[in-house]
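Have a look at the structure below before the remarks.
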Protein chains: 4
Amino acid sequence: MKRRLTYGMVGGGPGSFIGDAHRRSIALDGKAEIVAGSFSRTYEKSLETGRDLRIAEDRIYSDYKTMAEAEAAREDGIDFVVIVTPNSSHYEIGRTFLEHGIHVACDKPVTTTSAEAIELHELAKEKGLLFLVTYVYSGHVTAMHAREMIEAGEIGEIRVVQGEYPQGWLADADVSDNKQASWRIDPELSGRTNALGDIGTHIENSVYRMTGLHITEVLARMEKKVEGRALDDNSTVLVTYDNGASGTYWASQVARGHDNGLRIRIYGEKGSIFWFQEEPEKLRYTLSDGYVREIHRGHDCIDPAASCYGRLPSGHTEGWFEAMGNLYVDFIDAIIAKEEGTFSADMLKFPTTLDGIYGLTFVEACLESSENGNKWVKLPTIQE
Amino acid sequence: MKRRLTYGMVGGGPGSFIGDAHRRSIALDGKAEIVAGSFSRTYEKSLETGRDLRIAEDRIYSDYKTMAEAEAAREDGIDFVVIVTPNSSHYEIGRTFLEHGIHVACDKPVTTTSAEAIELHELAKEKGLLFLVTYVYSGHVTAMHAREMIEAGEIGEIRVVQGEYPQGWLADADVSDNKQASWRIDPELSGRTNALGDIGTHIENSVYRMTGLHITEVLARMEKKVEGRALDDNSTVLVTYDNGASGTYWASQVARGHDNGLRIRIYGEKGSIFWFQEEPEKLRYTLSDGYVREIHRGHDCIDPAASCYGRLPSGHTEGWFEAMGNLYVDFIDAIIAKEEGTFSADMLKFPTTLDGIYGLTFVEACLESSENGNKWVKLPTIQE
Amino acid sequence: MKRRLTYGMVGGGPGSFIGDAHRRSIALDGKAEIVAGSFSRTYEKSLETGRDLRIAEDRIYSDYKTMAEAEAAREDGIDFVVIVTPNSSHYEIGRTFLEHGIHVACDKPVTTTSAEAIELHELAKEKGLLFLVTYVYSGHVTAMHAREMIEAGEIGEIRVVQGEYPQGWLADADVSDNKQASWRIDPELSGRTNALGDIGTHIENSVYRMTGLHITEVLARMEKKVEGRALDDNSTVLVTYDNGASGTYWASQVARGHDNGLRIRIYGEKGSIFWFQEEPEKLRYTLSDGYVREIHRGHDCIDPAASCYGRLPSGHTEGWFEAMGNLYVDFIDAIIAKEEGTFSADMLKFPTTLDGIYGLTFVEACLESSENGNKWVKLPTIQE
Amino acid sequence: MKRRLTYGMVGGGPGSFIGDAHRRSIALDGKAEIVAGSFSRTYEKSLETGRDLRIAEDRIYSDYKTMAEAEAAREDGIDFVVIVTPNSSHYEIGRTFLEHGIHVACDKPVTTTSAEAIELHELAKEKGLLFLVTYVYSGHVTAMHAREMIEAGEIGEIRVVQGEYPQGWLADADVSDNKQASWRIDPELSGRTNALGDIGTHIENSVYRMTGLHITEVLARMEKKVEGRALDDNSTVLVTYDNGASGTYWASQVARGHDNGLRIRIYGEKGSIFWFQEEPEKLRYTLSDGYVREIHRGHDCIDPAASCYGRLPSGHTEGWFEAMGNLYVDFIDAIIAKEEGTFSADMLKFPTTLDGIYGLTFVEACLESSENGNKWVKLPTIQE
């Protein structure tokens, strides 16, 4: 029997959607238990959340620094921390826990600049610690199967990628009654980008995870479509990959008629693969024989490297929590392997600071392009 | 803060799909914790499972009777038991826990005969205990919204129902490499019916839950399509409801091309509603204006009585575990209300022994019809 | 260059939908030209339609008998007649033209009783004439490909068929503003059945065309769902085929949410095929490997015996007129072959009086079943 | 009764797909009859085609000039000519017939340069002649309904447009066995662009027809994805409209998995509209109430200005020929109105040289942009 890990959380207090979502995703598999946390800026709210979660009061902390120190000092200190605070604080919090020798899982974006992300990446390597960045959509079985197919050469060399992520929830001019919406469109809280940074990076990461291709340059058009918006709510990016393929990414929050429409279409010399986040239980692909094939999670035609993540038989729908849970399954297994001395690099199946760095250099290049008349901007080469 | 309940499980040992699925569904919300169990026929396997689940060894029991007694005697005994054993044992186990004053959640079918189900129903009433029968599909937000729409009269008086549940997993003659398949087709373990009892009853319950209509008579054709099968694997039932509407139910396990295709279409005087289990995040309906409307979970157009069960924003896919979890949410809330003295009948939103009785009288009438040349057979009237 | 045939029409006067539809379908290919007709009960209306169609006045007739005689007497008389009158007159008109040595195309149902259909069948054989009954849906390329696949054994021996034809256009109680609707629900004009006879027979014929299976017995439930209706508007039929397979057919005109939803699903030992009239450009099938395959008209994976009927490249949508046109292409080619002495029985690819007989014996058995408490009724064996 | 017009055709000889397609589309409605033609470069082939079409030999011409002269001289000369020759000859042929006072219908692109198109536009105006450019997709009832909805303000001011036209038929490196393919990729025959000019212009025209928006500038990336290609086979264009809205157009012939995937999505302040060429019988739109509505051709919810073009009841599928036929219906009605003196500008419902000019200035700007490092290029303002 594997040991059940323990974890703490920074952020995720009353009303937080994402903290709650991480906790449920971890609970689904029961491989780790929450035992500590600093959930809110005010200690009282932290206490409230902590008690709701049945956490012992001495492990409910007033701030993340105290928490990192105290947990690092305990014999039974947490195995990892989950960071679900506003983006601008990820860097400081992540660094603090790494410095105290604690593995980190952090919501995306890992930091707000690529320089910070590189720093965390180096620090984690130096400390021998694991760092999960929760790009949730790469956790779907069908997304993993797409990666296996592409790696096996089933669609041949990739030529063209079409990635889109349309949402409609910010289409109204007045979104003041929606807390989530309010902070998304506020530069103080969201930094220099909204649509591209929030959802465009999911396109970027999903394509990277499926294809392994690196973006070499971008030409971006980041637009504010709703009057009065300070940040982009509709962004389009032309992309070139290191194998010469080209792509177009479209991220929009003013696209009524879509809920959470992340869709990736990959066209290779021999075939194509279509993946759609809102129908994550199936994958469509076409080879040169002209048949359009649909593969369903749970069937033998799914690659074992992907199908092993399924929890239910085919047709018994899995969704977002399961995808997020899959990232944690790999992360937790890797932590245990570290402890047991059986860890090897191929266990890094989950997105890490490296994914975070790719995402941030992508965003930074897009901002430079968009602010300079939509010119082509090269991305730096990243040392893995 | 609400108290976190504790529960025990009977069944769900090594290799059990359904026990694991119930545990995950409950874990998703963290409203109850597993603290006891008798998971297998052999104590050693029970121990193995119990330890995996971090259960104290003195609460891992060799058999359900010992468990019921011991837990009833403890100050901190379990609040409810979850029964996920083979169908034929449900009655005895359910009765035992009820007799010991413990609330029961039981996988469907609640028993193997309607007489047994009625007995449990009466016993639970007499004891003031709650009994959840886990017809999972009624737990979907969209299924609940369908019920709200129909109750509000949006499609008018119902005229016709088409329910189907095609699966393809038993289409091969040789299913010996599939343990699930083997016991499904074995009369020793599955009783007098396979397709109709296993999945046909999900049609019956889903329609009942959505429409509130009771079946008054059936004409059933239960067939064995794969050579050598002893039990039905393709069954069709003509149905008459108490309001004069008519329905057709089709349950098949030899229908290649389907995974778990429970689909309910309800046609009323003013409109129609289509619900499909494999795409549970949306509902289609049409009124007389000719527009086909699609409603997505997470949007304001979902009735609050249904939308409150959602855990994620629209487009962030929920599935089977969430549906099952919703049944447990209502069940647990009702148990707490019982304890706190705030319980009222309208909290019985989850399927109970009453649903179980309806299901069994339906199956019994179908068997009688099918074994007698597909004649019409009336269903008994059930005292609620 | 093939000779262009000439044809005449009986029925299809002002306001007739179906006469117009036949003329357009024939015009699409230009293989036959309309040169004569008796379009209405009144000569004046006939004249009006005939002039619109640029028909010489001496070939616009006051009644079909005069027309048959006159055309038979002309050197350049019509090659075939198209009958698009109300159903009850098909028999007399068909017989008259056959007796005058003229090939016949007739809208379905070919007659109102199977006895009449058999008589026409015998008469045509005796005279060496061709008789097309325009079951339009068998003319779709994808429907023909389904037939080829089944004949080639690709889905193995057939076990189960699900056929449905839901429409919503008669769901309202008051349809008095719809002329089509008014005569459909009137027993004087529609005979003893509405839904089953009008659209149920399309299910029956489509299944027969695709599978080649003959129905041996039926159990029918023909219902009037709208208050005040004299004829069935919602009919369900359990079916047994000569190979032991079973089927369920559902034809409804009160099913809001559907336009013209003929859908055929065929399940064999090795695979299944799904065909849907409203999306006639594609076909879905699944074999035991678990892949759901979609085939699109215009691709090489369509059997040449079917693909040859396509007029446009893949993705350039074809529809109802093309399907109807395909029946006429085969009919006209067969007439020419008759003239040229090159005719052989395998040119009878189109539906004939034989299909008409099957349809009528099916309806007659259903009526008997439905009127006698939904008992099983055997179908007579038909001499081809 | 309306007069039946007569027409001649230039091009459309043996093996021509598009000439045949135009003839069938016109035949569907019987409003015009082909009576003259010059179908091929060689007179013999012309004769062959002409005889097949039952054209009198004295009206089968060796070349288009002779034809224009002769037909203009005849009392019963053709009412209009249909030009379906290779693109490079459209200009000369069109001009010749206009000069002889004959109305023109011409396949797109109307010419190869905008200067030529403007010349034809002016000439037609000067002569009082009509000029149809057959952008077929604007002829769909659902596309027309989209236009009506947008004009009526139902989705509010337009913000974003996503247009795509993926095809897979040129994905193979070797397409030498496909005649159509061979000339498409040959700069001698196709000019300076393939994908953008052939199918990208259908996106441009469809958006223009639906929205009425004019493009003010473009940034284009025209790529050759298959090794050895001389012309673009995958092109992406960023677009700005005169109301400030932005668009992205993607045209590809290397996108396996698509047949003829023209898809237009239009997002306004109040709602969005999705139209897909391969499913032309329906339209999806979403307003701020969150319901996704599907409208089907044939229902009352289709605007009368669009629904009047339907020929069949809802659910009886119409397709490409009907869409093309609708353009001809409007063109022919306008010619007759010209003759009868009842013509008014609002009868110009069909695409004309003006659409052709828009298409060519779009292509020219894209070429300039793509050849100059994907910079923004302004489009000239067109005098209507």
Given the structure, is D:PRO351 free of Cβ contacts under 8 Å to residues at least 40 places away in the same chain and of a type outside the set (Val, Ile, Thr)?
no
Out of B:LEU170, B:LEU129, sole residue that is in a loop (DSSP other than H, G, I, E, B) and more than 30 Å from C:ILE155 (Cβ to Cβ)
B:LEU129
When restricted to B:TYR249, B:TYR285, B:TYR267, the only residue hydroxyl-bearing (Ser, Thr, Tyr), touching a Phe, Trp or Tyr at 6+ places or on another chain (Cβ under 9 Å) and over 25 Å from B:ASP233 (Cβ atoms) is B:TYR285
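Quick check on the stretch B:293-308: of everything there that is free of Cβ contacts under 8 Å to residues at least 40 places away in the same chain and within 14 Å of chain A (Cβ to nearest Cβ), which residue is nearest to A:LEU28 (Cα to Cα)?
B:GLY298
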When restricted to A:PHE331, A:PHE343, A:PHE350, the only residue among the aromatic types (Phe, Trp, Tyr), under 30 Å from A:LYS2 (Cα atoms), touching a Phe, Trp or Tyr at 6+ places or on another chain (Cβ under 7 Å) and not in a helix (DSSP H, G or I) is A:PHE350
May I ask you to say which residue of C:VAL207, C:VAL226, C:VAL237 is of a type in the set (A, V, I, L, M) and within 30 Å of C:HIS299 (Cα to Cα)?
C:VAL207
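Being part of a strand (DSSP E or B) and either among the basic types (Lys, Arg) or within 22 Å of the chain's Cα centre (by Cα) (or both) is the filter here; which residues of the stretch C:260-274 pass it?
Listed by number, the residues that qualify are C:ARG263, C:ILE264, C:ARG265, C:ILE266, C:ILE273, C:PHE274.
Residues checked against (1) surrounded by fewer than 14 Cβ atoms within 10 Å (Cβ to Cβ); (2) within 14 Å of another protein chain (Cβ to nearest Cβ); (3) of a type outside the set (D, E, K, R); (4) more than 20 Å from the chain's Cα centre (by Cα):
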{"position": "A:LEU348", "(1), (2), (3), (4)": "no, no, yes, no"}
{"position": "A:ASP355", "(1), (2), (3), (4)": "no, no, no, no"}
{"position": "A:THR361", "(1), (2), (3), (4)": "no, no, yes, no"}
{"position": "A:GLY373", "(1), (2), (3), (4)": "yes, yes, yes, yes"}
Regarding A:GLY139, is this residue modelled with pLDDT of 95 or more, buried (at least 23 other Cβ atoms within 10 Å of the Cβ) and closer than 18 Å to A:GLY356 by Cβ?
yes
Which residue, of D:GLY191, D:GLY212, is away from chain C (no Cβ under 14 Å), within 20 Å of the chain's Cα centre (by Cα) and closer than 30 Å to D:GLU294 by Cα?
D:GLY212
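Conditions (1) of a type outside the set (Phe, Trp, Tyr); (2) touching a residue at least 40 places away in the same chain (Cβ under 8 Å); (3) surrounded by 24 or more Cβ atoms within 10 Å (Cβ to Cβ), marked per residue:
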| position | (1), (2), (3) |
| --- | --- |
| D:ALA21 | yes, yes, no |
| D:ILE26 | yes, yes, yes |
| D:THR42 | yes, no, no |
| D:LYS45 | yes, no, no |
| D:ARG51 | yes, no, no |
| D:ARG54 | yes, no, no |
| D:GLU75 | yes, no, no |
| D:ASP79 | yes, yes, no |
| D:ILE83 | yes, yes, yes |
So, in the stretch A:172-186, of the ones that are within 14 Å of chain D (Cβ to nearest Cβ) and not small (Gly, Ala, Ser), which residue ends up farthest from A:ASP232 (Cα to Cα)?
A:ASP177
Just name the residue that is nearest to B:ALA146 (Cα to Cα) out of those in the stretch B:309-333 that are hydrophobic (A, V, I, L, M, F, W, C) and within 13 Å of chain A (Cβ to nearest Cβ).
B:ALA323
For the stretch C:1-116, which helices (runs of 4 or more DSSP H) that fit wholly inside it have 3 or more residues that are closer than 30 Å to C:ILE203 by Cβ, within 14 Å of chain D (Cβ to nearest Cβ) and modelled with pLDDT of 95 or more?
C:17-27
Would you mention how many residues in the stretch D:260-292 are more than 9 Å from chain C (Cβ to nearest Cβ), crowded, with 19+ Cβ neighbours inside 10 Å and within 22 Å of D:ALA323 (Cβ to Cβ)?
10
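Matching residues to (1) in the same structural domain as A:THR113 (by TED's automatic domain parsing); (2) buried (at least 20 other Cβ atoms within 10 Å of the Cβ); (3) under 26 Å from D:GLN167 (Cβ atoms):
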site: A:ASP174; (1), (2), (3): no, no, no
site: A:GLY197; (1), (2), (3): no, yes, no
site: A:SER206; (1), (2), (3): no, yes, yes
site: A:LEU219; (1), (2), (3): no, yes, yes
site: A:ALA230; (1), (2), (3): no, no, no
site: A:LEU238; (1), (2), (3): no, yes, yes
site: A:GLY244; (1), (2), (3): no, no, yes
site: A:ALA251; (1), (2), (3): no, yes, yes
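Could we say that D:GLY257 is buried (at least 18 other Cβ atoms within 10 Å of the Cβ), more than 9 Å from chain C (Cβ to nearest Cβ), part of a loop (DSSP other than H, G, I, E, B) and at pLDDT below 95 here?
It is false that D:GLY257 is buried (at least 18 other Cβ atoms within 10 Å of the Cβ), more than 9 Å from chain C (Cβ to nearest Cβ), part of a loop (DSSP other than H, G, I, E, B) and at pLDDT below 95.
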Can you name the condition, by its number, that C:SER252 falls short on among (1) in contact (Cβ under 8 Å) with a residue 40 or more places away in the chain; (2) more than 7 Å from every other protein chain (Cβ to nearest Cβ); (3) within 20 Å of the chain's Cα centre (by Cα); (4) under 29 Å from B:THR248 (Cα atoms)?
(2)
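Residues checked against (1) small (Gly, Ala, Ser); (2) out of contact with any Gly (no Cβ under 9 Å at 6 or more places or on another chain); (3) under 26 Å from D:PHE276 (Cβ atoms):
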position: D:THR85; (1), (2), (3): no, no, no
position: D:SER88; (1), (2), (3): yes, no, no
position: D:CYS106; (1), (2), (3): no, no, no
position: D:PRO109; (1), (2), (3): no, no, yes
position: D:ALA115; (1), (2), (3): yes, yes, no
position: D:HIS145; (1), (2), (3): no, yes, yes
position: D:GLU151; (1), (2), (3): no, no, yes
position: D:ALA181; (1), (2), (3): yes, yes, yes
position: D:LEU189; (1), (2), (3): no, yes, no
Among what's in the stretch D:100-136 and is touching a Lys or Arg at 6+ places or on another chain (Cβ under 9 Å) and small (Gly, Ala, Ser), pick the residue that is surrounded by the most Cβ atoms within 10 Å (Cβ to Cβ).
D:GLY101
Tell me which residues, restricted to the stretch D:242-254, are more than 17 Å from D:ASP198 (Cα to Cα) and in a loop (DSSP other than H, G, I, E, B).
D:ASP242, D:ASN243, D:GLY244, D:ALA245
Can you name the residue in the stretch B:1-19 that is free of Cβ contacts under 8 Å to residues at least 40 places away in the same chain and out of contact with any Gly (no Cβ under 9 Å at 6 or more places or on another chain) and is also surrounded by the most Cβ atoms within 10 Å (Cβ to Cβ) among such residues?
B:PRO14
Check A:GLY228 against each of (1) more than 21 Å from A:ILE357 (Cα to Cα); (2) in contact with a His (Cβ under 7 Å, 6 or more places away or on another chain); (3) not hydrophobic (A, V, I, L, M, F, W, C) and name the one condition it does not meet.
(2)
Do we find that A:GLY325 is out of contact with any strand residue (DSSP E or B) (no Cβ under 7 Å at 6 or more places or on another chain), farther than 26 Å from A:SER235 by Cα and not hydrophobic (A, V, I, L, M, F, W, C) in this structure?
yes
Of the residues A:HIS90, A:HIS103, only one is touching a helix residue (DSSP H, G or I) at 6+ places or on another chain (Cβ under 6 Å) and assigned by TED's automatic domain parsing to the domain that holds A:PHE17; which?
A:HIS103
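The values are calculated or read from the model by the stated rules, or taken from the named source; none is laboratory data. Just so it is clear, the structure is predicted and the values come from calculations on it, not from any experiment. A quick note on method: Cβ atoms are made from the backbone with ideal geometry, for glycine too, and the neighbour counts reach across all protein chains shown.
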